[in-house]
Amino acid sequence: MKNYRNFLLILRMALTYLIVFPVCFSMLSCSSTDLVKPDVILNKVAAESENDKRNSLLLDHAIKTPHQVDYILGPEDVLEIDVFEVGELKRTARVSSSGFLRLPIVGEIKASGLTVAELETEMNKRLEQYLQQPIVTVVIKEYRSQRVTVLGAVKNQQTLNITRQQFLLDILSASGGLTEEAGDICYIQRGSETVVVNLNELLIKGNSKLNIPILAEDVINVPRGGIVFIDGAVKSPGSFAIKGTVTLTQAIAMAKGFNNVAISDQLKLYRNSGTDSMEIIDIDYDAILKEEVSDIVLQDKDVLIVPKSGVKDFFSGFVKSISGAVSIGGASIGAGL
């Protein structure tokens, strides 16, 4: 009797799929490439990104440069000046707000913009007419208050007031470190000059030569890296941060590859075109793997849709239903009945 009931159950399920199949196939095949609208994905991911704050890559300590970098003197610096065997000229002096230093015998010197060594050399030259082979020693007793601005992908964007020589990693650490959105490059705007530092070389490869000294009024900017969105028939859809050059095949790998219902030769890439409508790029992933066409370099805010096959999806559901009702070897059929 039990076997007879199991036979009727399987027959009923088979008849149901045979009747429903034509309708389902028609509906699924028509919508295989229009599964998700890109604007829906953007809104969803943006909301998730807003709620899911990325962890900061905090700098445990600043990597000091192995060599001493000369500090540039400026207004309000306080200096201790000593002339060998001439005690009368030993004194503490402050650089004026206009950048000058006034001393007996030596006179007025434009100290702002000089290093300590350059100031010592200039003072030696001026004393040569009064002393034989003078030796001047200058020590910075008190550094002036220096303003440094930090912007971009750091935990705390701020303007810092520093009173001693600081290096790039000192400033980044004082700003809470980099966020996970940070790109690979850091820009330091110094007047009309822009200094570019590769953060991967500095932080990951440990190139301490890139830990450059920071000067007054420097503006440090750490741009955010790009982000792409992958949805559809992949194993791990979502948003992914991109740093440097990331190709489409690398992005698919970041999403852990296709699932078993993906249509790999009909991918669609939605890209910001700078207008009201998005540019749509049709991609044959199989052709890329065969090197028949070039791999595509992704851009910030690209949306990649991997469509799924209606037929594959239908039979996948059928197999799951059958496997849930019939166990191996026929030991139990119609579990739960």
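The values are calculated or read from the model by the stated rules, or taken from the named source; none is laboratory data. The structure presented is a predicted model; accordingly, all values stated were derived computationally and were not measured. Here the Cβ is made from the backbone with ideal geometry for all residues, glycine too, and neighbour counts use every protein chain on show.
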Please find, within region 108-151, the residue that is farthest from the chain's Cα centre (by Cα) out of those that are within 19 Å of Arg190 (Cβ to Cβ) and part of a strand (DSSP E or B). Thr115
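How many residues are in a strand (DSSP E or B), within 24 Å of Val148 (Cβ to Cβ) and not hydrophobic (A, V, I, L, M, F, W, C) if we restrict to region 193-237?
Step one: of region 193-237, the residues in a strand (DSSP E or B) are 193-198, 213-214, 219-222, 224, 226-232, 234.
Of the ones still in play, those that are also within 24 Å of Val148 (Cβ to Cβ) are 193-198, 213-214, 219-222, 224.
Now drop any that are not not hydrophobic (A, V, I, L, M, F, W, C), which leaves 193-194, 198, 213, 221, 224.
The total comes to 6.
Please tell me if Ala182 is closer than 14 Å to Val150 by Cα and under 16 Å from the mean Cα position of the chain (by Cα).
Numbers: closer than 14 Å to Val150 by Cα: yes; under 16 Å from the mean Cα position of the chain (by Cα): yes.
Yes, satisfied.
Looking at Met278, Met254, which is the one that is under 27 Å from the mean Cα position of the chain (by Cα) and either more than 20 Å from Ser236 (Cβ to Cβ) or charged (D, E, K, R) (or both)?
Met278
Would you check if Gly176 is surrounded by 14 or more Cβ atoms within 10 Å (Cβ to Cβ) and in a loop (DSSP other than H, G, I, E, B)? Break it down into steps so the answer makes sense when it comes.
Working: surrounded by 14 or more Cβ atoms within 10 Å (Cβ to Cβ): yes; in a loop (DSSP other than H, G, I, E, B): yes.
Here the answer is yes, as Gly176 does meet what is asked.
Would you call Ser236 farther than 30 Å from Thr159 by Cβ, touching a Gly at 6+ places or on another chain (Cβ under 9 Å) and among the polar types (S, T, N, Q)?
Details: farther than 30 Å from Thr159 by Cβ: yes; touching a Gly at 6+ places or on another chain (Cβ under 9 Å): yes; among the polar types (S, T, N, Q): yes.
For Ser236, the condition - farther than 30 Å from Thr159 by Cβ, touching a Gly at 6+ places or on another chain (Cβ under 9 Å) and among the polar types (S, T, N, Q) - is met.
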Keeping to region 257-275, report how many residues are more than 27 Å from the chain's Cα centre (by Cα) and over 14 Å from Lys308 (Cα atoms). 0
Inside region 220-235, the number of residues satisfying the requirement of being over 15 Å from Asp184 (Cβ atoms) and surrounded by fewer than 16 Cβ atoms within 10 Å (Cβ to Cβ) is 1
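I need the full set of residues from region 55-109 which are touching a Gly at 6+ places or on another chain (Cβ under 8 Å), at pLDDT below 90 and either of a type in the set (Gly, Ala, Ser) or surrounded by 15 or more Cβ atoms within 10 Å (Cβ to Cβ) (or both), in order please.
As a first pass, look at region 55-109 and keep what is touching a Gly at 6+ places or on another chain (Cβ under 8 Å): 56-59, 63, 72-75, 95, 99.
Checking the rest, the ones that are also at pLDDT below 90 come to 56-59, 63, 72-75.
Hits for region 55-109 are Ser56, Leu57, Leu59, Ile63, Ile72, Leu73, Gly74, Pro75.
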